[in-house]
Amino acid sequence: DMKVTQMPRYLIKRMGENVLLECGQDMSHETMYWYRQDPGLGLQLIYISYDVDSNSEGDIPKGYRVSRKKREHFSLILDSAKTNQTSVYFCASSLGGTLYFGAGTRLSVL
Amino acid sequence: QQNVQQSPESLIVPEGARTSLNCTFSDSASQYFWWYRQHSGKAPKALMSIFSNGEKEEGRFTIHLNKASLHFSLHIRDSQPSDSALYLCAVSPNNAGAKLTFGGGTRLTVRP
């Protein structure tokens, strides 16, 4: 069964702290994504990664950066988190155009 | 930049009803169209996709696509309480390394 794993599931940080969200997949998919989900806005693409060290900005990359050093692992980093980055973050990998999502990380920045 | 809009924002229907969800997109070069379903507190999961004009049926679910009208829809026959979820439409210009743009979602509630 295809699986995308996100850690942690819940996270509370103070404004200005650094945040690391981690994502792993066991399917050797080349393409991986980070989305954030806010009420009424659907899923907004932050970054897309086409393979190791081959990353591209999505629609809302400001305030975020990513790292992909192994095909199965994709990290999202928030340097000096802001309160407007409070959201649910989803990682996904894709095969044949279909996205497979992790369970999400609920991040609160106070 | 692709703009994807869904309507209605929310919908309440009785069990057994036929439900219709709508999605419009702005980029006429779009090639691939998906519906994802997200139950409360869970990850979105692909439900159905369509790549050419017309209709595609899978069980109780049917997608209609009209590229000329920049519109596609999801129809649910004999709606069940287990269909209650957030439905997200998504559009992509291509299939390889698909950069999906999602709509804001329609929250469907099916009353027993």
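Values computed for the structure shown
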{"item": "Descending Cα extents along the principal axes, chain A, whole Å", "result": "38, 27, 24"}
{"item": "Net charge dipole size for the protein assembly as shown [Lys, Arg +1 and Asp, Glu -1 on Cβ; Debye, nearest 20]", "result": "440 debye"}
{"item": "From phi via Karplus (6.51, -1.76, 1.60), per-residue ³J(HN,Hα) for region A:88-102 in Hz, x at Gly/Pro", "result": "9, 10, 10, 9, 8, 10, 10, 9, x, x, 8, 8, 10, 9, x"}
{"item": "Per residue solvent-accessible surface (Å²) - the protein assembly as shown, probe of 1.4 Å", "result": "48 Å²"}
{"item": "Geometric extent, Cα atoms of chain B - Rg, Dmax (angstrom)", "result": "13.4, 41"}
{"item": "Partnerless cysteines, meaning none of the other Cys C-beta atoms lie under 4.7 Å away, in the protein assembly as shown", "result": "none"}
{"item": "Buried accessible area, chains A and B (both chains, 1.4 Å probe, Å² to nearest 100)", "result": "1500 Å²"}
{"item": "Solvent accessible area, Å² - A:Asp51, 1.4 Å probe, full protein context", "result": "40 Å²"}
{"item": "Relative contact order of chain A, defined on C-alpha pairs under 8 angstrom at six or more residues apart (%)", "result": "36 percent"}
{"item": "Label zone at B:Lys45 (point 7 Å along Cα-to-Cβ), backbone N below 19 Å, region A:25-66", "result": "A:25-27, A:43"}
{"item": "Residues of region B:42-71 buried by at least 30 Å² on assembly (accessible area, 1.4 Å probe, chain alone as reference)", "result": "B:Ala43, B:Pro44"}
{"item": "Magnitude of the charge dipole, chain A, Cβ model with Lys/Arg +1 and Asp/Glu -1, debye to 20", "result": "380 debye"}
{"item": "Given A:Lys82/B:Lys67; B:Lys67/B:Lys99; A:Lys69/B:Lys56; A:Lys3/A:Lys62; A:Lys70/B:Lys99, the pairs whose alpha carbons are separated by over 30 Å", "result": "A:Lys82/B:Lys67; A:Lys69/B:Lys56"}
{"item": "Percent carbon-and-sulfur accessible area, chain A, ignoring ligands, DNA and RNA, probe 1.4 Å", "result": "50 percent"}
{"item": "Antiparallel DSSP beta bridges within chain A, percent to nearest 5", "result": "90 percent"}
{"item": "Convex hull of Cα atoms in the protein assembly as shown, direction-averaged projection (nm²)", "result": "12.0 nm²"}
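The values are calculated or read from the model by the stated rules, or taken from the named source; none is laboratory data. Bear in mind that the values here come from a model prediction, so they are computed numbers and not experimental data. Methodologically, a virtual Cβ is constructed for each residue, glycine included, from the backbone with ideal geometry; neighbour enumeration extends over all protein chains shown. The protein model used for the area step is the full one, side chains on, heavy atoms only, and it has no ligands, DNA or RNA in it. Shrake-Rupley method; radii C 1.70, N 1.55, O 1.52, S 1.80 Å.
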